[in-house]
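Right, one structure below, let's go through it.
Every read-out reported here was derived from the displayed coordinates using simple, explicitly stated rules and does not represent laboratory data. Keep in mind the model is a prediction, meaning the values are calculated, not measured. Positions of Cβ are backbone-derived with ideal geometry, glycine not excepted, and every protein chain shown enters the neighbour counts.
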Amino acid sequence: MSNSGPEQVTESWKEEVIPMLNFRLNGQDVSVDAPGNATLLSVLSNDLKQAGPKFGCGLSQCGACSVLIDSDPVRACQTQAQAAVGRSVTTLEGLREDGEPNALQRAMIAEQAAQCGYCANGMIIVAQALLDRNPTPTEQDVRSALNGNLCRCGTHNRIVRAVLRAAQEA
Amino acid sequence: MNLMIDRRTFLKGTGGFLAVSFLLPSAVFAQQAAANAGPELPGDLRNHPQLSSWLRINADGTVNLFIGKVELGQGALTAVGQVAAEELVIDFNRLVILAGDTELCPDEGTTAGSQTMPNCAPAVQQAAAEIRAILRKLAAEKLGVGEDTLTLADGTITSGGQSVTYWDLVADLQLEVDATGTAPLLPIAEHKVIGQNIPRVDIPAKMTGEAIFVQEMNPEGVLYGAIARPPTYKATLNDVDLAPIEAMPGVRQVIRNGSFLGVIAERQDQAWAAADALERTANWNVPTGLPGHDGMEEWLLTAEAEEKEWKNTVRADGTAVAETYEAQYYRPYHMHGSIGTSAAIAQKGEDGKITVWTHSQSVWATAAAIEKMLGLAEGMVHAIHTEGSGCYGHNMADDAAADACLLANAMPGTPIKLQYTRAGEHKWEPYGSAMVNKLSATLDAEGNILDWEHHIYSTPHGSRPGGNPGNLLSARYLDPPFEQPTPNDGGPPNFSATRNGLTNYELPGERVVTHFIREMPLRVSSTRGLGAYANVVAIEQFIDELAVKAGADPVEYRLRFLKDERMRDVLTRCAEAFGWDNYERQPNRGRGIAIARYKNYAAMTAVAVEVQVTRRNGLVRVLRAVTANDGGHIVSPDGMANQVEGGAIQAFSWALKEEVKFDNTQVLSTDWASYPILTFGEVPPVENVLIDRPGEPYLGNGESSQGPAGAAVANAIADAIGTRMRHGPYTPDRVLDAIRNA
């Protein structure tokens, strides 16, 4: 079984070199020299050593890689890094306030809203975007907002409670 | 790399802990020696009796806790830490916990089978009690007072107006001493930490983006690896042109060894691209012959199997058989389905030793398997457990560790990080085995069970590395290949295919036979509960069917045969919390309940659910769920609730949505679209009833709710539509078929 000739397959990976990507990351200007076809997740993890956004599927199916571009949650695994140029990217670590957990992060800790916690990054990023545009969401609002984020441990109800708690305590 | 720094700081920060354990006066030594014939030590203390293998009191006021069980997201570190803090009478925050380092921690085997609380916690508890006893003795001598005058608070021992601390007592002293098993535990009435909800130590980092998972770590100078897999398990590599791959962007090295193809590149995405190009351009010899997912039930019933009768209680009374009833149930292959794909980092040092950071559940046995795969001497692979995404059993953590080592071995000095793609994990992980359960019963005139017979058909459930390289995926493709060993079925008390195959009911006659199939059409290994899920789902559906046939209430019918008081309590409390007795029936809704005692000797869990079935499209929705649980003495109520609820929700997902799809050649479930799992909109609210049994053994709750939860859903669907779903998962198509054929 051989589907295609080597030239044909490797050709699609020939690189378009982009000299420099400039954007704001967690309030600071950053410049990164990365391959032109690099995803935002790759640049954030590989080059900018951000621990929050995580690789889960690379297919925009699970949400573990979520970050905010301006105030919108995006799947960094399928967003080209170039899409961030000139814009403001916020990662999980960027939500901290003066180095301390923000209201939503505190609520997630208070509700012990994790088992393994691998999905927590995406949950918090998406929920933060929800709270930013709707500070008093209903439980249904929260479940709808998070419906595209997968959790395998069965911690969903705790995460919902944490988001509602953050809204209440804000 | 944060992790590496943390470990170094950890070792330095204790002032060189090897030199700051405690010294015992010779009189104490003599007592220790005399006590060697004392009581049997609890849990893993038996294998590692030396107190300093578990706990070290440091002069700086911290306490190191070393354990061989690891954090998988189940809260192990915190729960075991609670037990240590309690018995040492110290503030929980003094603990610095190190878990799963093959060179620093006691080897406690695999973190699996809900064994951490039953085996690790009692060991730590006794070790802490022994150290407390020793320190009290030292304090009494130092203060010149009687031991009975001493009071303890957070490591400070006081008598009258004078006091001395643990940290003073141990300064600059050194001792290695074995546990005696005689030091008394604190009276339960004095517990201040056990039974409390101590916040988990690992959670703040996970919420704030501090690197804690191996997947998040990118040490200085790291290069990235990827493996090119063949199209299917037994494919072999005919030929491949490496030159165009070597010319791809960022590629540093392409490794071919037999049918194994690996890549090292400057970026993870470049490594994946190169591996993908390798997979697609290589010429493979691809065999066919898999049964396919639709053919699997029949395959299990006809494949060559070893029969073993595990139980045969022959009915003594002569009650006349009024009727015989039988049913057959099928559980498809399930994935572990970790949200984060498996990963590892490995680095080969100048001394030829490889260090690997891995989220393996079995660091010692996996390191041993890797050593053999690479032809290295024992001790030449140092495995350090580092958290990964939840695994729920033997996923690809160990394969990732082995693959990172294979690549690191080819490029000494450079740290190599490797994380699988989603398809790489979905297609290649060892699944939970598909199973068939055939049940039959003879009934008396009132519909009571007389003779019960259960036939279990299953492929293996255990192919963990276990020190054998043939269990590491890539090792099978090397030249020469390591042969995969044929797994055995596990016997009592834990069993594997037969886990929970015996009922918890007292039946006049009960026979259980397992048909163990050694052939593995798909790769399989330990998946949360092993055979328990299929067996409990089948048993608890079958008894439900019998209750319905007898016109009896399913709770009352179970209680006719359930004699164990604790289990009766669990079932009754679950039904009460659900509102079973005053349930108001509504159209297209149904209720279901089920109970099991995990492994027939561990935690007892009952689950009740209400479902709604949309008749138009067959969609099943779990509206609400109640769990009731007796896991013995509760150390962390919140941790227990989290495990029980999480297991139930995962089982709802298995029951309603999950089946590994495959054709005659390869696995077709390659992502979350082709292997969907439960989402937020589908997860019901869950109420958890925890029954505390102070003084009873810790039973462990990692897997106890799985089977009852799946069975409760099946029973509720039957209650709603009046017909039985016996073939998982209970997808809209299947439910619609059942409604139409009813």
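Going by the conditions given, is residue B:594 farther than 17 Å from residue B:720 by Cα, in contact (Cβ under 8 Å) with a residue 40 or more places away in the chain and under 32 Å from the mean Cα position of the chain (by Cα)? The answer is no for residue B:594. Kindly establish whether residue B:628 is buried (at least 24 other Cβ atoms within 10 Å of the Cβ) and within 21 Å of residue B:433 (Cα to Cα). So residue B:628 fails the test. For the stretch A:61-87, the set of residues classified as surrounded by fewer than 17 Cβ atoms within 10 Å (Cβ to Cβ) and within 22 Å of residue A:123 (Cβ to Cβ) consists of A:70, A:71, A:72, A:78, listed by residue number.
When B:671, B:692, B:719 are checked against the criterion of being more than 21 Å from the chain's Cα centre (by Cα) and surrounded by fewer than 17 Cβ atoms within 10 Å (Cβ to Cβ), a single residue qualifies: B:692.
Got at least one residue in the stretch B:636-656 being surrounded by 24 or more Cβ atoms within 10 Å (Cβ to Cβ), under 13 Å from residue B:705 (Cα atoms) and in contact with a His (Cβ under 6 Å, 6 or more places away or on another chain)? Scanning the stretch B:636-656 turns up at least one residue that is surrounded by 24 or more Cβ atoms within 10 Å (Cβ to Cβ), under 13 Å from residue B:705 (Cα atoms) and in contact with a His (Cβ under 6 Å, 6 or more places away or on another chain).
Select from the stretch B:277-291 the residues that are outside any strand (DSSP E or B), under 30 Å from residue B:333 (Cα atoms), in contact (Cβ under 8 Å) with a residue 24 or more places away in the chain and within 8 Å of chain A (Cβ to nearest Cβ) and list them in ascending order. Before the answer, list the steps.
From the stretch B:277-291, those outside any strand (DSSP E or B) are B:277-282, B:286-291; that's our starting set.
The next check asks that each one be under 30 Å from residue B:333 (Cα atoms); those that pass are B:277-280, B:282, B:286-291.
If we keep only those that are in contact (Cβ under 8 Å) with a residue 24 or more places away in the chain too, we end up with B:277-279, B:282, B:286-291.
Result: B:277, B:282, B:286.
Evaluate the following for residue A:113: is it small (Gly, Ala, Ser), farther than 14 Å from residue A:64 by Cα and in contact (Cβ under 8 Å) with a residue 60 or more places away in the chain? Considered against the rule, which asks whether it is small (Gly, Ala, Ser), farther than 14 Å from residue A:64 by Cα and in contact (Cβ under 8 Å) with a residue 60 or more places away in the chain, residue A:113 comes out as no.
Of all residues in the stretch B:298-305, none are away from chain A (no Cβ under 14 Å), aromatic (Phe, Trp, Tyr), part of a strand (DSSP E or B) and out of contact with any strand residue (DSSP E or B) (no Cβ under 6 Å at 6 or more places or on another chain). Does residue A:152 fit the bill of being assigned to a helix (DSSP H, G or I) and touching a residue at least 24 places away in the same chain (Cβ under 8 Å)? When the stated conditions are applied, residue A:152 does not pass them. Residues in the stretch B:706-721: is at least one part of a loop (DSSP other than H, G, I, E, B), in contact with a helix residue (DSSP H, G or I) (Cβ under 8 Å, 6 or more places away or on another chain) and of a type outside the set (Val, Ile, Thr)? No, the stretch B:706-721 contains no residue that is part of a loop (DSSP other than H, G, I, E, B), in contact with a helix residue (DSSP H, G or I) (Cβ under 8 Å, 6 or more places away or on another chain) and of a type outside the set (Val, Ile, Thr). Which condition number in (1) under 30 Å from residue B:193 (Cβ atoms); (2) within 14 Å of chain A (Cβ to nearest Cβ); (3) in contact with an Asp or Glu (Cβ under 8 Å, 6 or more places away or on another chain); (4) not aliphatic (A, V, I, L, M) is the one that residue B:676 fails? Result: residue B:676 passes all but (1).
Is there a residue being touching a residue at least 40 places away in the same chain (Cβ under 8 Å), small (Gly, Ala, Ser) and either under 20 Å from residue B:372 (Cβ atoms) or surrounded by fewer than 24 Cβ atoms within 10 Å (Cβ to Cβ) (or both) anywhere in the stretch B:446-458? Break it down stepwise before answering.
Filtering the stretch B:446-458 down to residues touching a residue at least 40 places away in the same chain (Cβ under 8 Å) leaves B:446-458.
Of the ones still in play, those that are also small (Gly, Ala, Ser) are B:447, B:458.
Checking the rest, the ones that are also either under 20 Å from residue B:372 (Cβ atoms) or surrounded by fewer than 24 Cβ atoms within 10 Å (Cβ to Cβ) (or both) come to B:447.
Yes - at least one qualifying residue is present in the stretch B:446-458.
The set of residues in the stretch B:313-347 being among the charged types (D, E, K, R) and surrounded by fewer than 24 Cβ atoms within 10 Å (Cβ to Cβ) consists of B:315, B:317, B:323, B:326.
Considering only residues of the stretch A:89-119 that are among the acidic types (Asp, Glu) and on the phi < 0 side of the Ramachandran plot, which is nearest to the other protein chains (Cβ to nearest Cβ)? It would help to see each step written out before you state the result.
Initially, the stretch A:89-119 is screened for residues among the acidic types (Asp, Glu), giving A:93, A:97-98, A:100, A:111.
Checking the rest, the ones that are also on the phi < 0 side of the Ramachandran plot come to A:93, A:97, A:100, A:111.
Values: A:93: 3, A:97: 11, A:100: 9, A:111: 9 Å.
So the residue we want is A:93.
Please go through the stretch B:201-253 and give me each residue that is more than 10 Å from every other protein chain (Cβ to nearest Cβ), in a strand (DSSP E or B) and among the β-branched types (Val, Ile, Thr), ordered by number. Those that are more than 10 Å from every other protein chain (Cβ to nearest Cβ), in a strand (DSSP E or B) and among the β-branched types (Val, Ile, Thr): B:227, B:236. From the list B:590, B:531, B:551, the lone residue that is surrounded by fewer than 24 Cβ atoms within 10 Å (Cβ to Cβ), small (Gly, Ala, Ser) and on the phi < 0 side of the Ramachandran plot is B:590. Total residues in the stretch B:610-647 satisfying the condition of being of a type in the set (Val, Ile, Thr) and within 14 Å of chain A (Cβ to nearest Cβ): the figure is 4. Picking from residues in the stretch B:254-270 that are assigned to a loop (DSSP other than H, G, I, E, B) and facing chain A (nearest Cβ under 9 Å), the one that is surrounded by the most Cβ atoms within 10 Å (Cβ to Cβ) is B:267.
Looking across the stretch A:120-145, the residues that are without any contact (Cβ under 8 Å) to a residue 12 or more places away in the chain and more than 12 Å from chain B (Cβ to nearest Cβ) come down to A:134, A:138.
In the stretch B:167-200, which residue that is part of a loop (DSSP other than H, G, I, E, B) and without any contact (Cβ under 8 Å) to a residue 60 or more places away in the chain is nearest to the other protein chains (Cβ to nearest Cβ)?
Taking the stretch B:167-200 first, the residues part of a loop (DSSP other than H, G, I, E, B) are B:171-177, B:179-187, B:191-200.
Going one step further and asking which of them are without any contact (Cβ under 8 Å) to a residue 60 or more places away in the chain, we end up with B:183-184, B:187.
Numbers: B:183: 32, B:184: 32, B:187: 29 Å.
Among them, the one singled out is B:187.
Here residue B:533 meets each of (1) among the aromatic types (Phe, Trp, Tyr); (2) under 29 Å from residue B:118 (Cα atoms); (3) outside any helix (DSSP H, G or I) with one exception, condition (3).
Name every residue in the stretch B:145-166 that is assigned to a strand (DSSP E or B) and either surrounded by 15 or more Cβ atoms within 10 Å (Cβ to Cβ) or in contact (Cβ under 8 Å) with a residue 60 or more places away in the chain (or both), in order of residue number. Show your work before the answer.
Residues of the stretch B:145-166 assigned to a strand (DSSP E or B): B:151-153, B:156-159, B:162-165.
B:152, B:153, B:156, B:157, B:158, B:159, B:163, B:164, B:165 - these are the residues of the stretch B:145-166 that are assigned to a strand (DSSP E or B) and either surrounded by 15 or more Cβ atoms within 10 Å (Cβ to Cβ) or in contact (Cβ under 8 Å) with a residue 60 or more places away in the chain (or both).
State whether the residues of the stretch B:469-480 include one that is assigned to a loop (DSSP other than H, G, I, E, B), closer than 21 Å to residue B:396 by Cα and in contact (Cβ under 8 Å) with a residue 12 or more places away in the chain. For the stretch B:469-480, residues assigned to a loop (DSSP other than H, G, I, E, B), closer than 21 Å to residue B:396 by Cα and in contact (Cβ under 8 Å) with a residue 12 or more places away in the chain: present.
Taken over the stretch B:411-429, the residue count meeting the criterion of being assigned to a strand (DSSP E or B) and within 13 Å of chain A (Cβ to nearest Cβ) is 3.
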